[in-house]
Each structure stands twice: as structure tokens, then as C-alpha cells.
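Working notes for the structure below.
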Amino acid sequence: MKGLLIVLSGPSGVGKGTVRQVLMKDASLDLCYSVSMTTRKPRIGEINGQDYFFVSKEEFLKHIENNDLLEHAQFVDNYYGTPKAYVEKLRNEGHNVLLEIETDGARQVMEKVKDDNKFISIFLLPPSFEDLESRIRGRKSEPEEVIQERLSKARNELNLQNLYMYQVVNKTPEQAALEIANIIKSSIK
Ligand code: 5GP
């Protein structure tokens with residue numbers, strides 16, 4: 001039986017990565033994470049092939065041209081995209097596949113899977129906008145203008161939460177992961 005395709009979105013800094021790490025520990029979900037491709041430079045501690053496939057802009061554009069990507073988007077001057085073949089292979093093997101992507105890409109996926117009844121979309125929300133801003137600033141890895149761009153993008157993304165089938169507030173990563181795990185389990189049944 002084909003695996004579930006799960007799209008998880010939420011504004012930059014909401015804690016999607018941490019929630020995902022908690023979720024991935026739950027073996028009962030048979031969840032595989034789709035590693036995205038990006039032209040962004042790696043942050044300290046990020047590993048190529050594990051966090052992202054870090055590629056040049058030329059390479060990324062070639063993948064778009066070859067139609068290798070399920071979706072792709074530009075986010076704060078960098079490209080991000082989901083390699084299509086890997087997602088399909090895993091789903092055909094019966095695994096559930098998690099995409100952690102921003103809203104432009106999520107909308108492309110929603111368009112493509114209209115007839116796919118094994119698809120769910122989840123939007124992760126911060127407890128408040130102030131909380132989100134302090135998380136984005138807490139990373140200390142980016143200049144003020146990039147932070148401002150991320151905050152403005154976050155406001156726009158929050159306005160799109162109702163396009164998603166489920167909305168989950170990230171009060172703690174454990175609570176949010178548990179809620180998402182329950183959504184996944186009830187969708188598998
Ligand atoms: P970051 O630079 O913080 O790692 O990611 C920036 C945004 O890009 C996040 O919202 C993240 O979820 C999103 N993102 C990561 N991979 C992909 C992808 O393959 N496609 C799209 N559309 N967005 C992605």
C-alpha cells in the first residue's frame with residue numbers, strides 16, 4: 001500500500017526541525033524525511049545529505065529544467081526544492097514521507113496531489129508572534145536585514161495557515177509532535 005505524503009509547513013523559526021526530530025524517533029509512524037535541495041550555505045552543524053543537499057545555483061536550475069523536483073521555491077534569495085524520485089520511491093515502498101517545506105512549495109504540492117487520498121498537510125504555529133521573533137533572533141546566524149525578511153515572510157506565511165488540513169500550535173516540541181503523530185495515525189487507518 002502506498003505511503004502517506006505529509007506536508008509540514010510553518011513560519012521560519014517556529015521549530016519545525018525540532019518537532020520533526022521528535023517525530024522521527026517514533027518508529028511506529030514509519031516516517032522518512034525527504035531531504036531537500038538548497039542553494040543556501042550550510043549553518044554550523046548542518047550536514048550535506050542529511051539536513052539538505054547543498055548545491056550551487058547552476059546545479060539547482062539544472063534540476064528544475066530536468067523536472068527532477070516535486071516542488072521548488074525561492075525563499076530569502078535562496079532556492080529550495082524537493083527531489084521527486086526519492087519521495088515516490090519511498091511512498092511506493094509503503095513508507096510515510098514527511099516534507100518540511102515553506103508555503104509556496106506546499107501550494108504546488110497541494111495542486112499536484114488533488115486526487116491523492118493519501119496526502120495530509122499540517123501547519124505549525126508559534127504560541128505568539130513575539131515568541132517567533134525571539135526564536136528567529138536567537139539563532140544569531142544572520143544579519144538584521146535577513147532577519148527582517150524572515151519576519152516579513154513569516155507574517156505572510158501565517159496568513160496562509162487555513163490552506164492546510166490541520167493547524168498545530170508548537171507550545172513544546174513534544175506536545176506538537178504528539179499531536180502530529182496522532183493526526184498521522186488517524187490518517188493511516
Ligand atoms: P531554512 O533556511 O531555515 O533551513 O529554510 C527556510 C524555509 O525553507 C523553511 O520554511 C523550510 O521549511 C523551507 N524549505 C526547506 N526545504 C524546502 C523545500 O524543499 N521546498 C520548499 N518549498 N521549502 C523548503
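Summary table
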{"item": "Electrostatic dipole magnitude of the chain [Cβ: Lys, Arg +1; Asp, Glu -1; Cα centre; debye, to 20]", "result": "380 debye"}
{"item": "With DNA, RNA and ligands ignored, accessible area of Thr18 (1.4 Å probe; Å², nearest 10)", "result": "70 Å²"}
{"item": "Charge sum, other residues only, whose C-beta stays under 15 Å from Ser187's C-beta, Lys/Arg counted +1 and Asp/Glu -1", "result": "+1"}
{"item": "Dimensions in Å of region 30-76 - Rg and Dmax from alpha carbons", "result": "11.5, 35"}
{"item": "Share antiparallel - DSSP beta bridges, the chain, percent rounded to 5", "result": "30 percent"}
{"item": "Where the chain is the region considered: accessible area per residue in Å², 1.4 Å probe", "result": "52 Å²"}
{"item": "Nonlocal amide H pairs with Tyr79, under 5 Å, H built at 1.01 Å", "result": "Thr39, Arg40"}
{"item": "Size of region 19-177 as Cα extents on the principal axes (Å, biggest first)", "result": "41, 38, 29"}
{"item": "Helix runs (DSSP H) in the chain reaching 15 Å along axis by Cα, Kyte-Doolittle at least -1.0", "result": "173-188"}
{"item": "Percent carbon-and-sulfur accessible area, region 5-188, ignoring ligands, DNA and RNA, probe 1.4 Å", "result": "50 percent"}
{"item": "Net lengthening on full extension, Ser187/Thr172 (0.36 nm per residue, minus Cα-Cα)", "result": "3.1 nm"}
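The values are calculated or read from the model by the stated rules, or taken from the named source; none is laboratory data. Computed from a predicted structure; not experimentally measured. With ideal geometry, Cβ positions are generated from the backbone for all residues, glycine too; neighbour counts draw on all protein chains shown. In case anyone asks, the SASA skips ligands and DNA or RNA and just uses the protein heavy atoms, side chains included. Shrake-Rupley method; radii C 1.70, N 1.55, O 1.52, S 1.80 Å.
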